[in-house]
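Step one of this worksheet: look at the structure below.
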Amino acid sequence: MTIGIVVAISVIVSAVLWLIAIYNNLVSLRVRSNGAWSDIDVQLKRRHDLIPNVVEAVKSYAGYEKGTLEAVVAARSKAMNANGPTASAAAENQLSGALKSLFALAEAYPQLRASEQFSHLQQTLASIEDAVQNARRYYNAVVRDFNTAVESFPASLVAGPFGFRGREFFEVTDSAERAVPSVQMDLS
């Protein structure tokens with residue numbers, strides 16, 4: 001064999017190995033983003049599962065506040081049926097607003113505020129909200145890395161033909177809307 005053939009084979013093998021490395025990196029990032037989305041989904045499910053308990057606790061003290069309770073239940077249903085980061089974020093924002101109204105309603109009922117069950121549910125919800133926030137941050141970081149890889153040269157040359165497309169971020173439109181409403185406990 002001549003040196004030219006050896007060089008040509010080396011260049012071809014190097015190019016193929018380079019393409020394989022880029023492809024594998026893109027697959028790895030896609031799998032990580034899928035896993036990160038699954039983490040968000042798990043936390044949101046925990047949140048959705050807790051809401052009926054919160055509604056029942058409030059209903060036992062403020063049952064005639066039917067409109068607020070129905071708004072929370074409707075927002076929960078919409079959030080549970082949302083698909084994808086954009087739709088889920090919008091539905092979760094709506095649910096957070098409904099929960100904020102529900103907790104504001106609790107301010108008018110001192111017995112509810114003093115209830116150990118309600119206090120425990122509120123603390124659990126705050127813990128879940130923190131977990132959702134952490135999962136969202138991680139997901140968005142992984143999506144940022146994936147989108148950067150998909151759009152960067154030379155990986156973009158591999159991403160397009162193999163069907164890798166950028167992912168949507170899980171964005172909250174108003175961070176104040178996502179905050180867990182605080183209820184002041186006046187036990188005096």
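Enumerate the calculated ³J(HN,Hα) couplings along region 76-84 in order (Karplus 6.51 cos²θ - 1.76 cosθ + 1.60, θ = phi - 60°), each rounded to whole Hz, writing x wherever the residue is Gly or Pro.
Computed from phi, the couplings for region 76-84 are 4, 4, 5, 5, 5, 9, 6, 10, x Hz.
I'd like the distance separating the alpha-carbon centroids of region 50-118 and region 138-167, in whole Å.
Taking the Cα centre of each part, region 50-118 and region 138-167 sit 38 Å apart.
Which order, highest average first, do 125-133, 9-17 follow once you tally other Cβ atoms within 10 Å for each residue and take the mean per peptide?
The peptides rank, most packed first, as 125-133, 9-17.
How would you rank 47-54, 66-73, highest first, on the average number of other Cβ atoms within 10 Å across their residues? Present the calculation step by step, with values, prior to reporting the outcome.
Numbers: 47-54: 17.2, 66-73: 15.6.
Result, highest mean first: 47-54, 66-73.
Would you calculate a helix-derived [θ] at 222 nm for the chain, using -39,500 (n - 2.57) for each DSSP H run of n ≥ 4 and dividing by the full residue count, to the nearest 500?
-27500 deg cm²/dmol
How much net charge surrounds residue 151 when only the other residues with a Cβ under 13 Å from the Cβ of residue 151 are counted, with Lys and Arg +1 and Asp and Glu -1?
Net charge around residue 151: +2.
Near residue 71, within a Cβ-to-Cβ distance under 11 Å, what is the net charge of the other residues, with Lys and Arg +1 and Asp and Glu -1?
+2
What translational diffusion coefficient, in µm²/s and rounded to a whole number, does the Stokes-Einstein relation yield for region 1-142 at 4 °C and a viscosity of 1.567 mPa s, taking the hydrodynamic radius as the Kirkwood radius over Cα pairs?
Reported coefficient: 71 µm²/s.
Since every read-out is calculated from the coordinates, none of them should be taken as a lab result. Source: prediction; values computed, not measured. Cβ atoms come from the backbone with ideal geometry, glycine included; neighbour counts cover every protein chain shown.
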